[in-house]
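The values are calculated or read from the model by the stated rules, or taken from the named source; none is laboratory data. What you see is a predicted model; the values in this text were computed from it and never measured. As a convention, Cβ positions derive from the backbone with ideal geometry for all residues, glycine included, and neighbour counts pool all protein chains shown.
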């Protein structure tokens, strides 16, 4: 499947989050327009706003006394608010590009994600700035740098809940998924579109009790990912990857939460990027340990889970090539 | 045929002229007149046009009821009304001409360019009708010029009904020395959506008309054109209102088609989407009001457009808008009534229903543009008032303004005419949805989605929390607060401007579209030494302040209106039973002054001469009264 098509699927998977975020940005933009409208309104502004029909009929000064201005900005506060307005407009103009991160080959995945989230964070910084200006608490020396990018680490809980999610297109060789663990919080949704060979169980180390984790192959569906109301991470991987979905709402124990699990017929035994076959085997073993129903002591491996476990061990032969 | 015998052409210098183009419905009089009027305006003449439109879409041809046409008054100076009578008429048959004669629309010395074919028609009945019509019109000194419109048009087009009008336009172009290049551009504009050959044929017809006039007509009129220093635009009142609505930032116009208001939405539909708005044609008038109210409630700038019968249907929904204090602009293009009445004709009979036509106490602002230009600018002011006071504002125009074409200075658009984005900051804790300022009745406008602003909207009596409340004091407070806003708005109004002296024998008071004709009539009376002044009200609810004081400086006050009033002396009409004109009622109640009225509802605009005659009659009756 072409990369653009997979990115389209990924974008669709985070659509509810994107829409919620854009709605909030639009509302803030409207709020800023509302705040700026009337800022510094002069008698001339009032005269004009009433239109020429009012000329000679309406006492403009008197009329102006009844136009509400209780939340208008002071002239001093208007410039930073205008900066916030520009920042938000810039974000809105990026449209879908804002939510798609194309990681250059060889780049550090975690650092790139951090940078893009800082750009998205400008929306929250702008809202923060507007709030300060409205309350008359904006201080140039303290707050001038607010719009220089608000890193995820600085996002409040409410802001994290409003995260639009991110689609990350990355080479399999650079797909060090563990690097994004710090960003999986409060409803964040990340979808990786992995190019080329990739570790077969790359996301296994992200499986934690509260996070929806899914690996899908080319024709896999991300509907459950989209429907999950909480933190979630998914990867669209090549067909030789493990396919699984870990849904925190599906059960109390870890293995109950694995709603799907399908291992490929054959798993490569070679390094991908900096991940050695041994490390990949560890990922698979971890997945198995998490997903497979434990076999009580003394029981043979005749039950399905035991057979699966044995097959896994066979597949992850550590003697293979380096 | 024609009148030019010796080759001598008489050119008469005149300050203005009034031309009628009258045809059967469907013979293109409107297009001919539109192009002629626009050409005059673009050449720098003042222009005012009035449409003559039958209410029926396809009335029987060649009858007095089939008359369709246009009256174009144009001159060197500013023209504000359609004048008294026409001085030249283009008539495609004797019967449509007869209808205008019977309405006394033609001057005694009117030049009539009449289709030549009917006199010798093969149809005996048509010949008989022609002879009888000419006999009836022989009481006047009209100058008839027989013109072979159909015969000449057939030389160029197969269907003369699609060509006679342009041939007639050629005659007028030659008689009034109009700029052919402007005419050609106007034709190209009007037929811009048709194949190029349509434009070419029409221009050929105009040139044929010019050639025929050069060959056959011995008279010309020269009306000096003074190009305007500023840029001007030419349009009718409905177009002006539509553009004004866009300029004021209207985002949604909800409507249901109704004559003569529909063309407002046609104009809007063509361009409003370019400015971020939409026109919504609802399933009926009631739904249109509901959609507009919903949009406004959601924070959008909303407008609904209608005419008399539509206003009646919208009544209940307008009451809801008033009750929940949603800003709303309503454009009512008045027509003759009651019921379906006179759909294409002018009347000013919706004044009282616009102000009071609502069960319960439902205060609203009512304002009336007086010129085509004001139709544009009134929309801007209406929006601002509606939003500032969270009120329904009704803009009353009429068919005279709606279909009359004039030119005015091109407005310099200003973004400050539009609503700024609503501040959607969280609602301060404790602020109630109807936290009325007890002095002004004003309260913060809350739109859906504002944090902390969640509340139930209800048309039932409600308290400050917007909760249904039948408590006596709660209902009293709500009514008082909604009414207070009207008083507050009135406190921002200034006394009306008086044309003429500030005191005298008679003050003529009008409202809306009659301004031009009244000012003309009062001007004539003043030229003859009469102490008459006039003022034209633009705000009817609330009324402009200071009226009682102004009236006290005149011996008599008289309204002039296009609506019904009893004529004193008519059977059964007594002091007790007499019904006054609608503005007169209003002014009498408001000022306790014995305001007189002269009203007429002929379905057409008032003539300055008729107003003048009634001014003189009023002055004479006042003098007699004083003498007695």
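I'm checking my understanding of the structure. Among residues of segment B:250-270 that are touching a helix residue (DSSP H, G or I) at 6+ places or on another chain (Cβ under 7 Å) and part of a helix (DSSP H, G or I), which one is nearest to residue B:417 (Cα to Cα)?
B:268
Check residue A:200 against each of (1) in contact with a strand residue (DSSP E or B) (Cβ under 8 Å, 6 or more places away or on another chain); (2) closer than 23 Å to residue A:107 by Cβ and name the one condition it does not meet.
(1)
Please go through segment A:38-53 and pick out each residue that is modelled with pLDDT of 65 or more and within 21 Å of residue B:424 (Cβ to Cβ).
Filtering segment A:38-53 down to residues modelled with pLDDT of 65 or more leaves A:43-53.
Of everything in segment A:38-53, just one residue is modelled with pLDDT of 65 or more and within 21 Å of residue B:424 (Cβ to Cβ), namely A:49.
Answer with yes or no whether residue B:39 is buried (at least 17 other Cβ atoms within 10 Å of the Cβ), within 23 Å of residue B:606 (Cα to Cα), in contact with a helix residue (DSSP H, G or I) (Cβ under 7 Å, 6 or more places away or on another chain) and touching a residue at least 12 places away in the same chain (Cβ under 8 Å). Even if it seems obvious, please write down each step before you answer.
Numbers: buried (at least 17 other Cβ atoms within 10 Å of the Cβ): yes; within 23 Å of residue B:606 (Cα to Cα): no; in contact with a helix residue (DSSP H, G or I) (Cβ under 7 Å, 6 or more places away or on another chain): yes; touching a residue at least 12 places away in the same chain (Cβ under 8 Å): yes.
When the stated conditions are applied, residue B:39 does not pass them.
Might you check whether a residue that is free of Cβ contacts under 8 Å to residues at least 24 places away in the same chain and surrounded by fewer than 21 Cβ atoms within 10 Å (Cβ to Cβ) occurs anywhere in segment B:227-241? Don't jump to the end; show me each part of the working.
Start the filter on segment B:227-241 by keeping residues that are free of Cβ contacts under 8 Å to residues at least 24 places away in the same chain, which leaves B:229.
Those still in the list that are surrounded by fewer than 21 Cβ atoms within 10 Å (Cβ to Cβ) too: B:229.
Within segment B:227-241, one or more residues are free of Cβ contacts under 8 Å to residues at least 24 places away in the same chain and surrounded by fewer than 21 Cβ atoms within 10 Å (Cβ to Cβ).
Within the bounds of segment B:298-308, is there any residue that is within 20 Å of residue B:457 (Cβ to Cβ) and out of contact with any strand residue (DSSP E or B) (no Cβ under 8 Å at 6 or more places or on another chain)? Quick ask: steps written out before the conclusion?
From segment B:298-308, those within 20 Å of residue B:457 (Cβ to Cβ) are B:298-302, B:304; that's our starting set.
Still in the running and out of contact with any strand residue (DSSP E or B) (no Cβ under 8 Å at 6 or more places or on another chain): B:298-299.
Yes, segment B:298-308 contains a residue that is within 20 Å of residue B:457 (Cβ to Cβ) and out of contact with any strand residue (DSSP E or B) (no Cβ under 8 Å at 6 or more places or on another chain).
Report whether or not residue A:56 is within 12 Å of another protein chain (Cβ to nearest Cβ), modelled with pLDDT of 85 or more, over 30 Å from residue A:203 (Cβ atoms) and part of a loop (DSSP other than H, G, I, E, B). Before the answer, list the steps.
Numbers: within 12 Å of another protein chain (Cβ to nearest Cβ): yes; modelled with pLDDT of 85 or more: yes; over 30 Å from residue A:203 (Cβ atoms): yes; part of a loop (DSSP other than H, G, I, E, B): yes.
Against the criterion (within 12 Å of another protein chain (Cβ to nearest Cβ), modelled with pLDDT of 85 or more, over 30 Å from residue A:203 (Cβ atoms) and part of a loop (DSSP other than H, G, I, E, B)), residue A:56 qualifies.
Among (1) in contact with a helix residue (DSSP H, G or I) (Cβ under 6 Å, 6 or more places away or on another chain); (2) part of a loop (DSSP other than H, G, I, E, B), where does residue B:283 come up short?
(1)
Take residue B:598 and decide whether it is part of a strand (DSSP E or B) and touching a residue at least 40 places away in the same chain (Cβ under 8 Å). Please lay out each step first, then the result.
Numbers: part of a strand (DSSP E or B): yes; touching a residue at least 40 places away in the same chain (Cβ under 8 Å): yes.
It is true that residue B:598 is part of a strand (DSSP E or B) and touching a residue at least 40 places away in the same chain (Cβ under 8 Å).
Only one of B:564, B:572, B:580 is under 23 Å from the mean Cα position of the chain (by Cα) and surrounded by fewer than 17 Cβ atoms within 10 Å (Cβ to Cβ). Can you tell me which?
Numbers: B:572 fails: under 23 Å from the mean Cα position of the chain (by Cα); B:580 fails: surrounded by fewer than 17 Cβ atoms within 10 Å (Cβ to Cβ).
Checking each option against the conditions leaves just B:564.
Any idea how many residues of segment B:313-351 are under 27 Å from residue B:54 (Cα atoms), more than 18 Å from the chain's Cα centre (by Cα) and part of a helix (DSSP H, G or I)?
Summing the residues that are under 27 Å from residue B:54 (Cα atoms), more than 18 Å from the chain's Cα centre (by Cα) and part of a helix (DSSP H, G or I) in segment B:313-351 gives 2.
Going through B:483, B:473, B:513, B:466 one at a time, which residue ends up being in contact with a strand residue (DSSP E or B) (Cβ under 8 Å, 6 or more places away or on another chain) and away from every other protein chain (no Cβ under 14 Å)?
Numbers: B:483 fails: in contact with a strand residue (DSSP E or B) (Cβ under 8 Å, 6 or more places away or on another chain); B:473 fails: in contact with a strand residue (DSSP E or B) (Cβ under 8 Å, 6 or more places away or on another chain); B:466 fails: in contact with a strand residue (DSSP E or B) (Cβ under 8 Å, 6 or more places away or on another chain).
Residue meeting the stated conditions: B:513.
Is it fair to say residue B:248 is touching a residue at least 60 places away in the same chain (Cβ under 8 Å) and in the same structural domain as residue B:362 (by TED's automatic domain parsing)?
Against the criterion (touching a residue at least 60 places away in the same chain (Cβ under 8 Å) and in the same structural domain as residue B:362 (by TED's automatic domain parsing)), residue B:248 qualifies.
Examine segment B:147-164 for a residue that is under 34 Å from the mean Cα position of the chain (by Cα), over 20 Å from residue B:61 (Cα atoms) and surrounded by 16 or more Cβ atoms within 10 Å (Cβ to Cβ), and state whether such a residue exists.
no
Of all helices (runs of 4 or more DSSP H) completely enclosed by segment A:208-302, which ones contain at least 2 residues that are under 20 Å from the mean Cα position of the chain (by Cα)?
Numbers: elements: A:223-227, A:254-257, A:277-291.
By residue number, A:223-227.
From the list A:109, A:117, which residue is crowded, with 21+ Cβ neighbours inside 10 Å, modelled with pLDDT of 95 or more and within 30 Å of residue A:238 (Cα to Cα)? Spell out how you get there, then give the answer.
On the way: A:109 fails: crowded, with 21+ Cβ neighbours inside 10 Å.
One residue alone meets the criteria, A:117.
Condition first: outside any helix (DSSP H, G or I) and crowded, with 23+ Cβ neighbours inside 10 Å. Now tell me which residues in segment A:165-186 satisfy that. Walk me through how you get there before you give the answer.
Of all residues in segment A:165-186, those outside any helix (DSSP H, G or I) come to A:165-171, A:175-176, A:184-186.
Once the filter is applied, which keeps residues that are outside any helix (DSSP H, G or I) and crowded, with 23+ Cβ neighbours inside 10 Å, segment A:165-186 yields A:165, A:166, A:167, A:168, A:170, A:175.
Within segment B:416-455, how many residues are farther than 19 Å from residue B:391 by Cβ and either more than 10 Å from every other protein chain (Cβ to nearest Cβ) or assigned to a loop (DSSP other than H, G, I, E, B) (or both)? Can you show your working first?
Of all residues in segment B:416-455, those farther than 19 Å from residue B:391 by Cβ come to B:416, B:421, B:423-432, B:448-455.
Subset that is either more than 10 Å from every other protein chain (Cβ to nearest Cβ) or assigned to a loop (DSSP other than H, G, I, E, B) (or both): B:421, B:423-432, B:448-455.
Of the residues in that region, 19 qualify.
Every residue in segment B:143-164 that is in contact (Cβ under 8 Å) with a residue 40 or more places away in the chain and not in a strand (DSSP E or B), please.
Across segment B:143-164, the qualifying residues are B:148, B:149, B:152, B:153, B:155, B:156, B:157, B:161, B:162, B:163, B:164.
Can you find, within segment B:387-415, the residue that is nearest to the other protein chains (Cβ to nearest Cβ) among those that are farther than 22 Å from residue A:65 by Cα and part of a loop (DSSP other than H, G, I, E, B)? I'd like the intermediate steps shown before the answer.
We begin by selecting, within segment B:387-415, every residue farther than 22 Å from residue A:65 by Cα; these are B:394-413.
Applying the additional criterion that residues be part of a loop (DSSP other than H, G, I, E, B) yields B:404, B:410-413.
Numbers: B:404: 18, B:410: 12, B:411: 7, B:412: 10, B:413: 11 Å.
Checked segment B:387-415; the qualifying residue nearest to the other protein chains (Cβ to nearest Cβ) is B:411.
Please give the number of the condition residue B:533 fails out of (1) within 14 Å of chain A (Cβ to nearest Cβ); (2) part of a strand (DSSP E or B); (3) out of contact with any helix residue (DSSP H, G or I) (no Cβ under 6 Å at 6 or more places or on another chain).
(1)
Considering only segment B:365-383, I want to know if a residue exists there that is closer than 30 Å to residue A:23 by Cα and either more than 9 Å from chain A (Cβ to nearest Cβ) or touching a residue at least 24 places away in the same chain (Cβ under 8 Å) (or both).
Here is the first cut: in segment B:365-383, the ones closer than 30 Å to residue A:23 by Cα are B:380, B:383.
So of that shortlist, the ones also either more than 9 Å from chain A (Cβ to nearest Cβ) or touching a residue at least 24 places away in the same chain (Cβ under 8 Å) (or both) come out as B:380, B:383.
Yes, segment B:365-383 contains at least one residue that is closer than 30 Å to residue A:23 by Cα and either more than 9 Å from chain A (Cβ to nearest Cβ) or touching a residue at least 24 places away in the same chain (Cβ under 8 Å) (or both).
Matching residues to (1) in a loop (DSSP other than H, G, I, E, B); (2) under 26 Å from residue B:84 (Cβ atoms); (3) more than 14 Å from chain A (Cβ to nearest Cβ):
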| residue | (1), (2), (3) |
| --- | --- |
| B:487 | no, no, no |
| B:519 | no, yes, yes |
| B:526 | no, yes, yes |
| B:549 | no, no, yes |
| B:558 | no, yes, yes |
| B:563 | yes, yes, yes |
| B:572 | yes, no, yes |
| B:589 | no, no, yes |
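Select from segment B:328-361 the residues that are touching a strand residue (DSSP E or B) at 6+ places or on another chain (Cβ under 8 Å) and under 30 Å from residue B:299 (Cα atoms) and list them in ascending order.
Passing the criteria: B:328, B:329, B:330, B:331, B:332, B:333, B:334, B:350, B:351, B:354, B:355.
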